[in-house]
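Enquirer: Below: one structure in structure tokens.
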Amino acid sequence: MKEPLAYMRKAQGSWEKRILKSLNSMCTELSIPLAQKRPVSEQKELLNKWNEMGTDEPDLSLFRPVYAPKDFLEVLMNLRNPNYENGEHPSFRNHLGLIQVPLKVKDIPELKEDFSELGLNIGQLGIDDSAQVPPEFFENEHVRVGQKVLAEQDSAAAQQYVRQGCPTALRADLWALILNISNQPEDILYYEQLKSNVIQHDLLVDSLIYKDVKLTASNDDYYFVFEDYLYQVLLCFSRDTAVLEHFTYSSATPPRSYIRGKLGMEEYAVFYPPNGVIPFHGFSMYVAPLCFLYHEPSKLYQIFREMYVRFFFRLHSISSHPSGIVSLCLLFETLLQTHLPQLFYHLREIGAQPLRISFKWMVRAFSGYLATDQLLLLWDRILGYNSLEILAVLAAAVFAFRAVNLMEVTSLAAAEAVLADLSTLKVMPLLQIFLFATVT
């Protein structure tokens, strides 16, 4: 089922129209077609510099991201269920956050149960000092079990295993096993076909991808070295029609465009871009962390594509799914309002609604905000639990961790400054303290 709630479907539909309008107006302003065949000389040049596209410095000053996370947040803040006014729904009347739709989200007891493997008395990678067993003992044993899981090629066992974190040396293979990626010769061939499509045709989204990488990953201390990989993966991704299959279970619908001169004629409608996904500001950060794990482009590509169609698409589409961004925002706000009410009210009073700060973290699954080793420990758990809910829990845990400082700020800018640098945070202790050491 794509999306059971009619008002969510309608909101997603009008958001898609806005994105497409923005894209089309950029085309008109810049007099650039959505797609065109590259001249042979340009094809040769691109083929020659395929592995060093980052050295290119085209003038992208006229291109702008189609939208940024904060534009999307404005849309989510205006979502309403037309079937009733908030006043009629007793449990929801007290929700003072920015998200005003009544979806069922979990409370801490339910989250504790769901994430029971993260408990204080269970060994975790990402915790330095487990009281029960010396960390080296747990790690050695955990590595041994991980090797056994890999030897047996058991995907379900791997998923269960990574809930306690992946040893660095085994992570790439374990994730590939969970995602069922084996990189067979036909997969490599498929990737090469996507590459040749990139070389033959120039799409407007290529410039958007290029600009996004330049604005985000290229300026990142961890990820700038992977610039060339990011272009390769994202350009191929935009051409991949297999990605269209995820629209059968996404609330979104792929955008369509018409072949020049055939506007409005259905038989000349094509999906644009071919994969149906228009990148937004920060999109390349979904790929960047994976570059640490996979150095072979076709494998990196397949892992990213699978992560996208399983998880990341939910972070930029409007739906009622528990891992969808609307539910994550509501879960984050509810956790804060319930467990840190003073902080929540204080920030609200000074015009620093917490979601205005945490939204960008969740939309990017914390990529570019946490140190890479910490981010990979977080993504281990996304794969292990097959859920994005942990993003909302971590966002709330970050606020809890910085609560003392936040209680002293008097403006949104000051609150943002307190939370500007998350690169020193340790994910697992934060999650454990918030879920298991907080009195509920």
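The values are calculated or read from the model by the stated rules, or taken from the named source; none is laboratory data. Please read all numbers here as calculations on a predicted model, not as lab measurements. Ideal geometry is used to build each Cβ from the backbone, glycine not excepted, and the neighbour counts take in all protein chains shown. The area values use the complete protein model at the heavy-atom level, side chains included, leaving out ligands, DNA and RNA. Shrake-Rupley method; radii C 1.70, N 1.55, O 1.52, S 1.80 Å.
Enquirer: If you go through region 34-57, how many residues are assigned to a loop (DSSP other than H, G, I, E, B) and surrounded by 11 or more Cβ atoms within 10 Å (Cβ to Cβ)?
Expert: So the count comes out to 4.
Enquirer: In addition: Pick from region 266-293 the residues that are surrounded by fewer than 23 Cβ atoms within 10 Å (Cβ to Cβ) and hydroxyl-bearing (Ser, Thr, Tyr): which of them is modelled with the highest pLDDT?
Expert: The residue in question is Tyr272.
Enquirer: Identify, please: which residue in region 235-260 is part of a helix (DSSP H, G or I) and among the β-branched types (Val, Ile, Thr) and is, among those, farthest from Ser323 (Cα to Cα)?
Expert: Thr241
Enquirer: Can you give me the number of residues within region 321-357 that are under 14 Å from Glu389 (Cα atoms) and of a type in the set (Gly, Ala, Ser)?
Expert: 3
Enquirer: In this structure, does Ser387 turn out to be open to solvent by less than 10 Å² (accessible area, probe 1.4 Å), part of a loop (DSSP other than H, G, I, E, B), in contact (Cβ under 8 Å) with a residue 60 or more places away in the chain and in contact with a Pro (Cβ under 8 Å, 6 or more places away or on another chain)?
Expert: Judged against the criteria, Ser387 is not a match.
Enquirer: Name, by its number, the condition in (1) touching a helix residue (DSSP H, G or I) at 6+ places or on another chain (Cβ under 6 Å); (2) open to solvent by less than 20 Å² (accessible area, probe 1.4 Å) that does not hold for Leu120.
Expert: So the condition that Leu120 fails would be (2).
Enquirer: Out of Ala365, Ala400, report the one residue that is within 22 Å of Val105 (Cα to Cα), touching a residue at least 12 places away in the same chain (Cβ under 8 Å) and open to solvent by 10 Å² or more (accessible area, probe 1.4 Å).
Expert: Sole residue among the options that is within 22 Å of Val105 (Cα to Cα), touching a residue at least 12 places away in the same chain (Cβ under 8 Å) and open to solvent by 10 Å² or more (accessible area, probe 1.4 Å): Ala400.
Enquirer: Going by the conditions given, is Asp173 under 30 Å from Val40 (Cα atoms) and either in a helix (DSSP H, G or I) or out of contact with any Cys (no Cβ under 7 Å at 6 or more places or on another chain) (or both)?
Expert: No, not satisfied.
Enquirer: If a residue must be touching a helix residue (DSSP H, G or I) at 6+ places or on another chain (Cβ under 9 Å) and at pLDDT below 95, how many such residues does region 170-186 contain?
Expert: 2
Enquirer: Restricting attention to region 288-338, and to residues there that are of a type in the set (D, E, K, R) and over 11 Å from the mean Cα position of the chain (by Cα), which single residue is nearest to Met362 (Cα to Cα)?
Expert: Taking the candidates together, the pick is Glu333.
Enquirer: I'd like the full set of residues that are among the charged types (D, E, K, R) and buried (at least 16 other Cβ atoms within 10 Å of the Cβ), limited to region 172-220. Break it down into steps so the answer makes sense when it comes.
Expert: So the first thing to find is which residues in region 172-220 are among the charged types (D, E, K, R), and the list is 173, 186-187, 192, 195, 202, 206, 211-212, 214, 220.
Asp173, Lys195, Asp202, Asp206, Lys211, Asp212, Lys214, Asp220 - these are the residues of region 172-220 that are among the charged types (D, E, K, R) and buried (at least 16 other Cβ atoms within 10 Å of the Cβ).
Here's the yes/no breakdown for (1) under 17 Å from Ile278 (Cα atoms); (2) among the aliphatic types (A, V, I, L, M):
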residue	(1), (2)
Glu29	no, no
Pro33	yes, no
Lys49	no, no
Glu52	no, no
Glu57	no, no
Leu60	no, yes
Tyr67	yes, no
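Enquirer: Looking only at residues that are over 17 Å from Tyr301 (Cβ atoms) and in a helix (DSSP H, G or I) in region 183-211, which one is farthest from the chain's Cα centre (by Cα)?
Expert: Filtering first and then ranking leaves Gln200.
Enquirer: Listed residues Gln159, Gln232, Gln147; which is open to solvent by 60 Å² or more (accessible area, probe 1.4 Å) and either assigned to a helix (DSSP H, G or I) or closer than 30 Å to Met428 by Cβ (or both)? Spell out the reasoning first.
Expert: Numbers: Gln159 fails: open to solvent by 60 Å² or more (accessible area, probe 1.4 Å); Gln232 fails: open to solvent by 60 Å² or more (accessible area, probe 1.4 Å).
On inspection, the qualifying residue turns out to be Gln147.
Enquirer: Do you know which residues across region 294-315 are in contact with a Phe, Trp or Tyr (Cβ under 8 Å, 6 or more places away or on another chain), closer than 21 Å to Ser250 by Cβ and open to solvent by 10 Å² or more (accessible area, probe 1.4 Å)?
Expert: Answer for region 294-315, where residues must be in contact with a Phe, Trp or Tyr (Cβ under 8 Å, 6 or more places away or on another chain), closer than 21 Å to Ser250 by Cβ and open to solvent by 10 Å² or more (accessible area, probe 1.4 Å): Gln302, Arg305.
Enquirer: Tell me whether region 52-68 contains one or more residues that are modelled with pLDDT of 95 or more, within 25 Å of Ala392 (Cβ to Cβ) and in contact with a Phe, Trp or Tyr (Cβ under 9 Å, 6 or more places away or on another chain).
Expert: Step one: filter region 52-68 for residues modelled with pLDDT of 95 or more, giving none.
No; the residues of region 52-68 include none that is modelled with pLDDT of 95 or more, within 25 Å of Ala392 (Cβ to Cβ) and in contact with a Phe, Trp or Tyr (Cβ under 9 Å, 6 or more places away or on another chain).
Enquirer: For Phe72, work out the one condition from (1) surrounded by fewer than 11 Cβ atoms within 10 Å (Cβ to Cβ); (2) closer than 23 Å to Phe280 by Cβ; (3) not basic (Lys, Arg) it doesn't fulfil.
Expert: Unmet condition: (1).
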